[in-house]
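The values are calculated or read from the model by the stated rules, or taken from the named source; none is laboratory data. Since we're looking at a predicted model, the values are computed, not measured. Positions of Cβ are backbone-derived with ideal geometry, glycine not excepted, and every protein chain shown enters the neighbour counts.
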Amino acid sequence: MWQLDKQDPVSGSLLLTHPGLDETSFPALAPTLLTAWELRLIERELGADRHCWVVDFEGSKLLLQYEHYGEVCWLEACHPDDRILLDWLARQHVEQRLHSKDEGV
């Protein structure tokens, strides 16, 4: 299960975790995040040590990235004006997680 670890207070980027996430599992695990957060894949790029997926959320472009050496995954806005969208997604994710805990899920 994907979890929001924290939100960077300066950039607004969302640091994400998932059990077993690594460079080889990212392509198989990332689509579950896209589905859960209603993100649409636009483009995939693979570098020497990084996955970078351009995704769309209601007309705004975001970057879902995984960096191998830092073993870190994050979601960031392509444009500064879309940072508010990251704030909204973070709130939604936290509320969904809290609601799931209340239901015993």
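Rundown of residues vs (1) modelled with pLDDT under 95; (2) assigned to a helix (DSSP H, G or I); (3) at positive phi; (4) surrounded by fewer than 11 Cβ atoms within 10 Å (Cβ to Cβ), yes/no style:
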| residue | (1), (2), (3), (4) |
| --- | --- |
| P9 | yes, no, no, yes |
| G12 | yes, no, yes, no |
| L15 | no, no, no, no |
| A30 | no, yes, no, no |
| D56 | no, no, no, no |
| H93 | yes, yes, no, no |
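For the subset of segment 58-91 comprising residues that are of a type in the set (D, E, K, R) and in contact with a Phe, Trp or Tyr (Cβ under 9 Å, 6 or more places away or on another chain), which member is modelled with the lowest pLDDT?
D82
For segment 24-71, give me the residue count where each residue is among the β-branched types (V, I, T) and in contact with an Asp or Glu (Cβ under 8 Å, 6 or more places away or on another chain). Total satisfying the criteria: 2. Within segment 59-76, the set of residues being over 15 Å from L34 (Cα atoms) and among the hydrophobic types (A, V, I, L, M, F, W, C) comprises V72 only.
In segment 9-43, which residue that is in contact (Cβ under 8 Å) with a residue 12 or more places away in the chain and among the charged types (D, E, K, R) is nearest to A90 (Cα to Cα)? Applying the filter and picking the extreme gives E38.
The set of residues from segment 35-53 being under 11 Å from the mean Cα position of the chain (by Cα) and surrounded by 17 or more Cβ atoms within 10 Å (Cβ to Cβ) comprises W37, L39, W53. Selection of first residues in segment 50-78 that are among the aromatic types (F, W, Y) and of second residues that are in a loop (DSSP other than H, G, I, E, B) and modelled with pLDDT of 95 or more, restricted to Cβ pairs under 6 Å at least 6 apart or on distinct chains, gives the following pairs, ordered by first then second residue: F57/L39; W74/S13.
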